[in-house]
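Please treat every number below as a calculation from the coordinates, not as lab data. Predicted model, so just to flag it, every value in this text is computed and none were measured. Glycine gets a Cβ as well: all are built from the backbone with ideal geometry, and neighbour counts include every protein chain shown.
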Amino acid sequence: MKKVFMLLAFTLFVGGQAFAQYSLPPLSYGYSELEPYLDSATVYIHYNKHHQGYATKLNETLEKYPDYKNLPIEDLLDKVNQMPAAIRTKVRNFGGGYYNHNLYWSLLTTKEKSVMSPALVDSINANFGSVERLKDYLEKAASSVFGSGWAWLVRADDGKIKLLYTANQDNPLMSKNKAKPILGIDLWEHAYYLKFQSDRQAYINSLWEIINWNKVEELMKK
Ligand code: MN3
């Protein structure tokens with residue numbers, strides 16, 4: 001019996017070594033807990049197929065690059081433009097996809113918990129004029145990004161909160177003018193098509209109801 005345990009422990013150990021380290025953070029809600037704003041089938045497929053796919057492909061890409069594969073994901077993305085050409089585009093797409101989705105899921109919560117603190121409202125008012133105006137800006141992202149991409153709220157070096165868009169799985173950590181993401185909205189069709197078909201604006205409207213504003217505030221302060 002003891003031998004079986006030792007064999008099991010050994011297998012797990014070796015297995016652990018074989019898998020690179022980028023793995024999916026668990027969701028803080030059940031697949032159906034964002035209903036009716038985001039349907040459980042979309043959450044399930046988006047997390048288990050798309051997000052997992054980016055992590056798996058990132059791990060495969062970095063298998064033979066020990067200098068890179070143990071870096072925290074933010075540091076990896078920070079270095080993406082200096083990487084060997086053989087892996088640069090893959091790290092951009094898969095590493096970007098991995099990081100962006102980690103952030104996206106952490107920025108959603110149940111309707112009950114989607115509440116802005118007075119301090120956050122003050123900060124939004126100072127940066128955008130009003131909460132309604134921020135919502136308008138985000139809705140405009142529906143028509144501002146052609147094809148697949150992301151809408152971001154970022155904190156720039158000067159401390160200002162800004163809205164920007166990136167294509168594909170790019171994000172503000174990789175761009176020349178680096179900025180700290182505090183809200184990331186996935187504008188790929190796979191994020192909304194099952195429930196909203198091609199109505200991206202309806203998706204953003206719906207997502208607004210389940211944003212984890214506590215997390216936004218936390219990222220804003222960091
Ligand atoms: Mn996605």
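Across the chain, the longest piece that holds none of the chymotrypsin sites (Phe, Trp or Tyr not before Pro) lying in DSSP loops with up to 13 other C-beta atoms within 10 Å covers 20-145.
Counting only Cα atoms, the size of the chain along its three principal axes is 64, 41, 34 Å, in decreasing order.
Report, in deg cm²/dmol and to the nearest 500, the calculated mean residue ellipticity at 222 nm for the chain, where each DSSP H run with n ≥ 4 adds -39500 (n - 2.57) and the sum is divided by the residue count.
On the way: 12 runs with 107 residues, N = 222.
The per-residue figure over the chain is -13500 deg cm²/dmol.
Quote the relative contact order of the chain in percent (integer), defining contacts as alpha-carbon pairs under 8 Å separated by 6+ residues. Relative CO of the chain lands at 23 percent. Separation of the stretch 47-65 and the stretch 177-194, taken as the distance between their Cα centroids, equals 18 angstrom.
Taking G30, G96, G184 in turn, the Gaussian network model of the chain (Cα-Cα springs below 10 Å) assigns the largest fluctuation to G30.
If a spin label sat at a point 7 angstrom from the Cα of A41 along the line to its beta carbon, the backbone N atoms of the stretch 195-211 nearer than 13 Å would be those of 195-197.
Sorted largest first, the principal axis extents computed over the alpha-carbon atoms of the stretch 42-104 equal 35, 19, 18 Å.
Across the stretch 109-222, the fraction of Cα-Cα pairs farther apart than 17 Å, rounded to a whole number, is 55%.
Can you tally the net charge around F128? Count Lys and Arg as +1, Asp and Glu as -1, for every other residue whose Cβ sits under 11 Å from the Cβ of F128.
Numbers: positive: R133, K135, K160, K162; negative: E132, D136.
Local charge sum for F128: +2.
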